[in-house]
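*Asks:* Here you go, one structure.
The values are calculated or read from the model by the stated rules, or taken from the named source; none is laboratory data. In this text the structure is predicted, and so the values were computed from the model without any measurement. Quick reminder, even Gly has a Cβ in these numbers, built from the backbone with ideal geometry, and neighbours come from all protein chains shown.
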Amino acid sequence: MENLEKEPLWTAKTKKLLTNPLGMENPITVQVLGICSALAVTVKMKPAIVMAISVTVVVALSNLIIALMRKSIPGRIRIIVQLVVIAALVIIVDQFLKAFAFDVSKQLSVFVGLIITNCIIMGRLEAFAMANKPWPSFLDGVGNGAGYGLILIIVSFFREFLGSGSIMGFPVMEKLGLYNFGYEDNGFMILPPMALITVGLIIWFQRSRNKSLIENK
Amino acid sequence: MNFLLKRMKKIEPLFEKGGRLEKLRSVYDGFATFLFVPDKVTTKGSHIRDYMDMKRTMTVVILALMPALLFGAYNIGLQHTRAFGIIDWTLMQMFWFGFLKILPLIIVSYVVGLGIEFIAAQIRGHEINEGYLVTGMLIPLIMPVDVPLWMVALSVAFAVIIGKEIFGGTGMNILNPALTARAFLFFSYPGWMTGDKVWIEGLTKGGGLDGFSGATPLALAKLDGFAQMPSPMEMFIGTIPGSVGETSVVAILIGALVLLVTGVGSWRIMLSMTLGGLGMGLLLNLTGGNEYTQIPAYYHLIMGGFAFGTVFMATDPVSAAQTSTGKYIYGALAGIMVVIIRVFNPAYPEGTMLAILLMNVFAPLIDHYVVQANIRRRLKRVQTA
């Protein structure tokens, strides 16, 4: 039997569950998961932020639900059970966006539905929620969603700023009057390859600061 | 020269380990070996050191580029007079006009590129690599003359950092740095890399003759404007609009001769790429499809950047295939890809840049299979014996 002693909600351990995925265990830059959507939705900041929130909600809630059910899920069909939970949550998020943020929902198009296939979510369910209690699982989900969202927002900031000359839709470059000096928006920033390079540069930056992340050959 | 040598020797201790300027060792090395033959000798084993080091190789390539550069300067002037209806310029005037237009491109390319290389070498404690000497000359030659200088600087920085230094510097890059710079500009600022204005000095600011079009032969071919295409002779000599150094097949052939005689450029790649392009062109002539497929196959060899790419870009010893058989495959596929992209892709009038970059990526794979095939063949011989 599991020990039934109550643990306090906030300990150093639970806090780590939230903060670790932001840096040292970041799902995108360290685990290199969820790259596909990071390339697809980061052209502008607004969709990127909505995507970050959606993924956070889905990964946190599915972690919670799976952790609650973890003892009654038969091992051989656990993947399909996990998928049912994720899919249900993604449909709720999708409907919610269609109802309350139709424009953004249209910009994100299929990528909201494709949250189902985001490796981060399956990865967290398999690696964490199947073996931990609901509360830590929920925190782990929030942390990983935030870690994913953080990178998404950084990448989309640079892509929107350099590619479209605006921040959150506000035309910064135009207001600064840089176009009069012959400045032009960089069309390459809008194309997916540049998102990959931007993610690569973030990984480079992070590893040059944290030498412990560099793999030994 | 003796004076200079003494000077250099005198300040050398400063840069030795423990010297005051130890950090700048690679800068000193770079300059010293640039001025004099390196006096390094091997201390163990019987290795032969050849004077044909990387600097010598690079110098030969620069030499081979000179005809294309000089003709490019003349052609800029010539195209300018045609576009603006100037009739009384002498040959020297045209050349000088063009030369002054290229010079800023060359200076920006070298200052930015070498600057980054120097800094990178100091940070990593490497020797300064000579690789950029050629890249820095290639980049201005494959740019439209009117491209803004800050864009050139940006593309050079991108090519050197992302295309080269990240992979470990000269000799480690997967992609050809000069083409990386051009591809970066092509996708970043397509308005400055395509169209019928940028190829001729001054046209983007307006004021050309009424009805004058500065479109390249490739763009004309894409628009089915075959009737307005220049004659094959004109395209061969190079008095057509285009990137600075790529228009004249004659000048490029002189460069090719230099590369081939000195053995710096690979004849296998040049030959197979030419045959690949020609073969694909002939095949399209037979099959038909759209009107573009019907232009004579040899046009592909003299239009656009095919000649320049074949001689100077595809033969880059770092990014090309290394094995002899691999070179044939690499070159032929590059030639075929150029024609396919030109004819079938509506977005890109020119395919040379993308075809060579694509084959750069595949070069290690080609080499891998060539080596594996060789191993298999020899294993078989051993096993049956």
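*Asks:* Out of curiosity, is B:Ser319 in contact (Cβ under 8 Å) with a residue 40 or more places away in the chain, small (Gly, Ala, Ser) and buried (at least 24 other Cβ atoms within 10 Å of the Cβ)? Walk me through it before giving the result.
*Replies:* Values: in contact (Cβ under 8 Å) with a residue 40 or more places away in the chain: yes; small (Gly, Ala, Ser): yes; buried (at least 24 other Cβ atoms within 10 Å of the Cβ): yes.
Yes; evaluated as a whole, the condition is true for this residue.
*Asks:* Any residue at all in the stretch B:213-227 that is within 14 Å of chain A (Cβ to nearest Cβ) and not acidic (Asp, Glu)? Outline the logic, then answer.
*Replies:* Within the stretch B:213-227, the subset within 14 Å of chain A (Cβ to nearest Cβ) is none.
No - not one qualifying residue is present in the stretch B:213-227.
*Asks:* For the stretch A:66-84, how many residues meet the condition of being free of Cβ contacts under 8 Å to residues at least 24 places away in the same chain and either within 17 Å of A:Asp140 (Cα to Cα) or of a type in the set (Ser, Thr, Tyr) (or both)?
*Replies:* So the count comes out to 2.
*Asks:* Same structure again: Please go through the stretch A:188-204 and give me each residue that is surrounded by 18 or more Cβ atoms within 10 Å (Cβ to Cβ) and facing chain B (nearest Cβ under 8 Å), ordered by number.
*Replies:* Scanning the stretch A:188-204 gives A:Phe188, A:Met189.
*Asks:* Here's another thing I want to ask about it. Do the conditions hold for A:Phe188, that is, is it modelled with pLDDT of 85 or more and in contact with a helix residue (DSSP H, G or I) (Cβ under 8 Å, 6 or more places away or on another chain)?
*Replies:* So A:Phe188 passes the test.
*Asks:* Looking only at the stretch B:111-150, how many residues end up being more than 14 Å from chain A (Cβ to nearest Cβ) and part of a helix (DSSP H, G or I)? Can you show your working first?
*Replies:* Filtering the stretch B:111-150 down to residues more than 14 Å from chain A (Cβ to nearest Cβ) leaves B:111-119, B:121-122, B:125-145.
Next, from what is left, pick out any that are part of a helix (DSSP H, G or I): B:111-119, B:121-122, B:131-141.
Within the stretch B:111-150, residues that are more than 14 Å from chain A (Cβ to nearest Cβ) and part of a helix (DSSP H, G or I) number 22.
*Asks:* Here's another thing I want to ask about it. Of everything in the stretch A:205-217 that's in a helix (DSSP H, G or I) and away from chain B (no Cβ under 14 Å), which residue is farthest from B:Ala153 (Cα to Cα)? Steps first, please.
*Replies:* Within the stretch A:205-217, the first condition is being in a helix (DSSP H, G or I), and the residues that meet it are A:205-209, A:211-213.
Retained after the next criterion (residues that are away from chain B (no Cβ under 14 Å)): A:206, A:209, A:211-213.
Working: A:Gln206: 26, A:Arg209: 28, A:Lys211: 31, A:Ser212: 35, A:Leu213: 33 Å.
Taking the candidates together, the pick is A:Ser212.
*Asks:* Show the residue pairs meeting these rules: Cβ distance below 7 Å; 6+ apart or different chains; first residue within the stretch A:173-186 and within 14 Å of B:Tyr189 (Cβ to Cβ) and facing chain B (nearest Cβ under 9 Å); second residue polar (S, T, N, Q) and not in a loop (DSSP other than H, G, I, E, B).
*Replies:* A:Asn186/B:Ser188
*Asks:* Another one. Check whether at least one residue in the stretch A:143-164 is within 13 Å of another protein chain (Cβ to nearest Cβ), in contact with a Gly (Cβ under 9 Å, 6 or more places away or on another chain) and surrounded by 15 or more Cβ atoms within 10 Å (Cβ to Cβ), and report yes or no.
*Replies:* Within the stretch A:143-164 (the criterion being within 13 Å of another protein chain (Cβ to nearest Cβ), in contact with a Gly (Cβ under 9 Å, 6 or more places away or on another chain) and surrounded by 15 or more Cβ atoms within 10 Å (Cβ to Cβ)), the answer is yes, since at least one residue qualifies.
*Asks:* Would you tally the residues in the stretch B:328-362 being assigned to a helix (DSSP H, G or I) and surrounded by 24 or more Cβ atoms within 10 Å (Cβ to Cβ)?
*Replies:* So the count comes out to 13.
*Asks:* For the structure I just gave you, tell me whether B:Gly238 is under 19 Å from the mean Cα position of the chain (by Cα), surrounded by fewer than 22 Cβ atoms within 10 Å (Cβ to Cβ) and of a type outside the set (Asp, Glu).
*Replies:* For B:Gly238, the condition - under 19 Å from the mean Cα position of the chain (by Cα), surrounded by fewer than 22 Cβ atoms within 10 Å (Cβ to Cβ) and of a type outside the set (Asp, Glu) - is not met.
*Asks:* Could you check, for the stretch B:143-163, whether at least one of its residues is within 12 Å of the chain's Cα centre (by Cα) and within 17 Å of B:Glu350 (Cβ to Cβ)? Before you say what the answer is, go through the steps one by one.
*Replies:* Residues of the stretch B:143-163 within 12 Å of the chain's Cα centre (by Cα): B:143.
This time we only want the ones that are within 17 Å of B:Glu350 (Cβ to Cβ), so: B:143.
Yes, the conditions are met somewhere in the stretch B:143-163.
*Asks:* A further question follows. Considering the stretch B:183-198 alone, what residues qualify as being in contact with a helix residue (DSSP H, G or I) (Cβ under 7 Å, 6 or more places away or on another chain) and either surrounded by fewer than 20 Cβ atoms within 10 Å (Cβ to Cβ) or within 12 Å of chain A (Cβ to nearest Cβ) (or both)? Before you say what the answer is, go through the steps one by one.
*Replies:* Taking the stretch B:183-198 as the starting set, the residues that turn out to be in contact with a helix residue (DSSP H, G or I) (Cβ under 7 Å, 6 or more places away or on another chain) are B:183-190, B:192-193, B:196-198.
Result: B:Ala183, B:Phe184, B:Leu185, B:Phe186, B:Phe187, B:Ser188, B:Tyr189, B:Pro190, B:Trp192, B:Met193, B:Asp196.
*Asks:* Kindly list, by first and then second residue, each pair from a residue in the stretch B:97-109 that is in contact (Cβ under 8 Å) with a residue 12 or more places away in the chain to a residue that is of a type in the set (Asp, Glu), limited to pairs with Cβ atoms under 7 Å and residues at least 6 apart or on different chains.
*Replies:* Pairs found: B:Lys101/B:Glu201.
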